[in-house]
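What follows is one structure encoded as structure tokens, with my remarks underneath.
The values are calculated or read from the model by the stated rules, or taken from the named source; none is laboratory data. Worth saying up front: this structure is predicted, and the values here are computed from it rather than measured. Here the Cβ is made from the backbone with ideal geometry for all residues, glycine too, and neighbour counts use every protein chain on show.
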Amino acid sequence: MISKKKALEMIDVIADMFPDAECELKHDNAFELTIAVLLSAQCTDNLVNKVTRSLFKKYKTPEDYVKVDLEELQDDIRSIGLYRNKSKNIKKLCESLLEKFDGEVPHTHKELESLAGVGRKTANVVMSVAFGEPSLAVDTHVERVSKRLGINRWKDNVTQVEDRLCSIIPKERWSKSHHQLIFFGRYHCIARKPKCDICPLLEDCREGQKRMKA
Ligand code: SF4
């Protein structure tokens, strides 16, 4: 693994490349964001935004999702991967919001992670984007970028990736860095075809150098 100093230098370069990176999931409040993040598992933000454009007009509150038949909700999100499980989780999540949290999205990691379909990543995104708490969610892009750059080992799990990044990046930058790393992975260090030939990090990136020689 590379040193923390070198890792932060690389993260600074990424920050300069994407200074305006932000959450691309469209939402108007914490509840809509929670539903959107839940829908985004193994699915692009673009597709989620297409679906939520009409979904959020039809369903405005947890009651709306609880009242509807499961089959109707499944039809409403059918174009999204894993829609059957996601529909069930949305209904369960909304039932819990009504039963335990007065219909509001809770403000702690522990409470968020007690909701159906909400894992650490979703909780981190909601805490950071909706409530402004410093948080660094590790999604597929953040994990891949961190490993390609040698900030983490390939065998590390997502918790180890999060811990290492949080130990390197100053806390006040966690939320912004999360979006910048996602943008870097989504638009530059792309999963199937990273732009190594024009990458400002190539000199320090073993993965990139390997790819350029291949
Ligand atoms: Fe990604 Fe290639 Fe840049 Fe390395 S050199 S960070 S693999 S785009």
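Could you please find all residues in the stretch 173-206 being of a type in the set (A, V, I, L, M), more than 29 Å from residue 37 (Cα to Cα) and outside any helix (DSSP H, G or I)? Once the filter is applied, which keeps residues that are of a type in the set (A, V, I, L, M), more than 29 Å from residue 37 (Cα to Cα) and outside any helix (DSSP H, G or I), the stretch 173-206 yields only 201.
Considering only the stretch 164-174, I want to know if a residue exists there that is closer than 21 Å to residue 41 by Cβ and either in contact with a Lys or Arg (Cβ under 6 Å, 6 or more places away or on another chain) or not aliphatic (A, V, I, L, M) (or both).
no
Scanning the stretch 160-214 for residues that are β-branched (Val, Ile, Thr) and under 18 Å from residue 143 (Cβ atoms), we see that the one that is farthest from the chain's Cα centre (by Cα) is 168. Considering only residues that are closer than 14 Å to residue 14 by Cβ and polar (S, T, N, Q), look in the stretch 167-189 and name the one that is nearest to the ligand (Cβ to nearest atom). Top of the filtered list is 180.
Which residue is nearest to the chain's Cα centre (by Cα), if the candidates are limited to the stretch 145-158 and must be more than 16 Å from the ligand (Cβ to nearest atom) and at pLDDT 95 or above? So, considering only residues that are more than 16 Å from the ligand (Cβ to nearest atom) and at pLDDT 95 or above, the one nearest to the chain's Cα centre (by Cα) is 157.
Filtering 105, 138, 142 for residues that are within 16 Å of the ligand (Cβ to nearest atom) and either under 22 Å from residue 86 (Cβ atoms) or touching a strand residue (DSSP E or B) at 6+ places or on another chain (Cβ under 9 Å) (or both) leaves a single hit, 142.
To keep it simple, each residue is scored yes or no on (1) assigned to a helix (DSSP H, G or I); (2) surrounded by fewer than 21 Cβ atoms within 10 Å (Cβ to Cβ).
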position	(1), (2)
73	yes, no
86	yes, no
93	yes, no
110	yes, yes
152	no, no
159	yes, yes
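Listed by first and then second residue, the pairs linking a residue in the stretch 194-210 that is within 14 Å of residue 9 (Cβ to Cβ) and not assigned by the TED database to the domain that holds residue 142 to a residue that is near the ligand (Cβ under 6 Å from one of its atoms) and modelled with pLDDT of 95 or more, with Cβ atoms under 9 Å apart and 6 or more places separating them unless they lie on different chains, form an empty list.
For the stretch 15-71, enumerate the residues that are surrounded by fewer than 15 Cβ atoms within 10 Å (Cβ to Cβ) and among the hydrophobic types (A, V, I, L, M, F, W, C).
Across the stretch 15-71, the qualifying residues are 47, 70.
From the list 120, 192, the one residue that fits, being among the charged types (D, E, K, R) and either modelled with pLDDT of 95 or more or within 13 Å of the ligand (Cβ to nearest atom) (or both), is 192. Could you check the stretch 112-150 and list, in sequence order, the residues that are within 22 Å of residue 203 (Cα to Cα) and not in a helix (DSSP H, G or I)? Once the filter is applied, which keeps residues that are within 22 Å of residue 203 (Cα to Cα) and not in a helix (DSSP H, G or I), the stretch 112-150 yields 149, 150. Scanning the stretch 160-200 for residues that are among the hydrophobic types (A, V, I, L, M, F, W, C), more than 12 Å from residue 146 (Cβ to Cβ) and out of contact with any Pro (no Cβ under 6 Å at 6 or more places or on another chain) yields 183, 190, 191, 196, 198, 199. In the stretch 3-18 there is no residue matching the filter, namely being small (Gly, Ala, Ser), under 30 Å from residue 89 (Cβ atoms) and either assigned to a helix (DSSP H, G or I) or at pLDDT 95 or above (or both).
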